[in-house]
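Single-structure report; data block below.
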Amino acid sequence: MDPLFLTSLGVTVVLLVVVLITGHRAQRNAHYGSVVLFFGALVWAIRQAEIEGRSLVFEGLSATLNQIHFVFVGLDFVLVPLLIWSGVSLARSGSPAVRQRHKQFAAAFVLSVLITCGLGVAMTLTAERVAGS
Ligand code: HEM
């Protein structure tokens, strides 16, 4: 795998951990800053994954993993606006119900992103490389 692709994945995961820690510690400014950096890193990782995918052929198991991977990518994209909306609501109100909702969307998003990453790595490792790449 391209070291740049692995680096982008590693940076994204580290920033997600920073987002979770700053959220739990109620360090709001650090939380907002790390959220922005995390989404920036996620876009970078998606771009690197797309470049990596150009030299791969998905057949059999890797094709199945690829299809499941895209279902989770779709779920990630559905959860992002819900997460932002619940975070903005929490910044405004801070009620226990709103906090609970943000935590639930955060947990669902983190789980979905980790599954997406795992499937992405698994389908890359099981795919065939295009000859000469
Ligand atoms: C990747 C995206 C995000 C994740 C994974 C995430 C996760 C979390 C977590 C786990 C908490 C701690 C909740 C608790 O234990 O009470 C939290 C708190 C918080 N988050 Fe997020 N969050 C994300 C995005 C956002 C966004 C976009 C906003 C928008 C403004 C936001 C605003 C807040 C606020 C205001 C708090 C409460 C801090 C406090 O207690 O003072 N979050 N977040």
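The values are calculated or read from the model by the stated rules, or taken from the named source; none is laboratory data. As the structure is a computational prediction, the values presented were derived from the model and not from experiment. Quick reminder, even Gly has a Cβ in these numbers, built from the backbone with ideal geometry, and neighbours come from all protein chains shown.
Things worth noting here:
- From the options 75, 65, residue that is more than 9 Å from the ligand (Cβ to nearest atom), touching a residue at least 24 places away in the same chain (Cβ under 8 Å) and closer than 17 Å to residue 125 by Cβ: 65
- Residue match in region 40-50 (condition: under 13 Å from the mean Cα position of the chain (by Cα), surrounded by 15 or more Cβ atoms within 10 Å (Cβ to Cβ) and within 8 Å of the ligand (Cβ to nearest atom)): no
- Boolean, residue 132 is more than 14 Å from the ligand (Cβ to nearest atom), touching a His at 6+ places or on another chain (Cβ under 8 Å), within 22 Å of residue 6 (Cα to Cα) and modelled with pLDDT under 95: no
- Of note, residue 90 does not satisfy the criterion of being within 10 Å of the ligand (Cβ to nearest atom), in contact (Cβ under 8 Å) with a residue 12 or more places away in the chain and touching a Leu at 6+ places or on another chain (Cβ under 7 Å).
- Residue list for region 23-32, restricted to those being on the phi < 0 side of the Ramachandran plot and either surrounded by fewer than 15 Cβ atoms within 10 Å (Cβ to Cβ) or near the ligand (Cβ under 8 Å from one of its atoms) (or both): 23, 24, 25, 27, 28, 29, 31, 32
- Flag if residue 128 is over 20 Å from residue 33 (Cα atoms), surrounded by fewer than 15 Cβ atoms within 10 Å (Cβ to Cβ) and of a type in the set (Asp, Glu): yes
- Yes/no for residue 116 being more than 10 Å from the ligand (Cβ to nearest atom), in a helix (DSSP H, G or I), farther than 22 Å from residue 41 by Cα and not assigned by TED's automatic domain parsing to the domain that holds residue 27: no
- Every residue from region 19-48 that is over 19 Å from residue 104 (Cβ atoms) and either aromatic (Phe, Trp, Tyr) or in contact with a Leu (Cβ under 8 Å, 6 or more places away or on another chain) (or both): 32, 34, 37, 39, 41, 44, 45, 48
- Verdict on residue 63 being under 20 Å from residue 119 (Cβ atoms) and either surrounded by fewer than 13 Cβ atoms within 10 Å (Cβ to Cβ) or among the small types (Gly, Ala, Ser) (or both): yes
- Counting only residues that are charged (D, E, K, R) and closer than 25 Å to residue 3 by Cβ, region 76-129 holds 3 of them.
- Test: residue in region 66-84 that is within 13 Å of residue 129 (Cα to Cα), buried (at least 18 other Cβ atoms within 10 Å of the Cβ) and in the same structural domain as residue 104 (by TED's automatic domain parsing): no
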